[in-house]
Structures are given as C-alpha cells and as structure tokens.
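As structure tokens, the structure follows; a few thoughts come after it.
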Amino acid sequence: MDQPLPWLRYVDAKALDDKKQAGTFTGIEVDDPAGEKIGKVDGFILDVAAGRPYHVVVDAGHWFHHKHVLLPVGHVMLEENGRKMMTSVSKERVARFPGFDKSVFETMSKEELRETARSMALHCGCPDDAVIAVEWETWNDYAYPSWWDASFYRPERIEQRDEAGITNPPGRANAADRNR
C-alpha cells in the first residue's frame, strides 16, 4: 500500500543534527510537567516538503521495555539552552499512548494515521480534538511550534536517502523550490 500522505515521513534526529553549530536533537531528554523523564528524542514526523514537524518521536523504552511514542509538537517545548524538551502531557498519560513502529509508519493508511491521532488526543487530555471532524493535522495539538527553526530541516539529506523515490510529492513544493 502506498503511503496516503507521502510527504509525511519519519526523520531520524541524527539527520537534523548540526555539529557545526552545536545543535543536536539526538538523545535530548524529554520530561513531563513534573520533571519526570519520559524518554529521549529519536526523531520527528515531518512534512518533508515544507520542513514542518507534526510529532516528536520519543524512545520511551527502558532496560526491559522498548517503546516509541509520538508526542504532538503542540505539546512539546524546547528549553532555551536546547538541552531538554518538556511536554505538557504527564508521564502517566504518555504511557497510555499507542506505541509507534517506525518501520510500519510509511505504510499506514490515512484512517490509521487519523485513529492514532485520535487515540493520542484522548489519552493526552484533549477530548475536543479526538472528535473533531476535520483533518488531524489541523488540530491545536499540531500547532507549529515556536521553538522549531526551519533551518533544522535540510531536505537534501532526506532526498538522498529517499527509498520510496518521492522527492517532491504532488501538490507540495520542497524547501529548495520555495527558497528560489
């Protein structure tokens, strides 16, 4: 099955790291409002055509338990020093989020993506978003984060590793085209 939203991709945090400017997302700790560690940043779900994030992918696993979860970017803040992320969702609620399998993501149907978003909205305490009839990516949970800098995303890195052969999905201009 083809990914119904081919511009929406998992992007490993390493592909966004900028060693020259000492900026890195890989392994940044993610804490809840009480300061409890939820996990570490593993990557992002991005609109690769626009460089816009929708989810932070968090490795919430421990020694004997491995689980990735998606945190909607509207619930995540990056500390000023860039060394930690904070989420507005408690660790207890995040534990109820559905697991995220990176290897399955690009084969999920549009309805499966919507159902995953609904499930997260219900568990994060956003019941209004869970029943909205509009597309999930327009919900407040996915508001463009003030901490995200468009320069974090460098499309040439993703396009070089594009296994599906999609570099400019229909109806979307890639970041390089917009900057011309």
- Which of 80, 115, 106, 36 comes first, and how do the rest follow, when ranked by fewest Cβ neighbours within 10 Å? 80, 36, 115, 106
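If you keep only loop residues by DSSP, which trypsin sites (Lys or Arg not before Pro) in the range 59-108 have at most 10 other Cβ atoms within 10 Å of their Cβ?
On the way: sites: 67, 83, 84, 91, 93, 96, 102; in loops: 67, 83, 96.
For trypsin sites (Lys or Arg not before Pro) across the range 59-108 that sit outside H, G, I, E and B with at most 10 neighbouring Cβ atoms in 10 Å, the list reads 83.
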- Query: Quick one: length gained pulling residue 36 to residue 95 fully straight, 0.36 nm per residue minus the C-alpha distance?
  - Reply: 20.0 nm
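Every number in this text was worked out from the coordinates using simple rules, so none of it is lab data. Since this is a predicted model, take the numbers as computed values, not measurements. Note: ideal-geometry Cβ built from the backbone for every residue, glycine included; neighbour counts use all protein chains shown.
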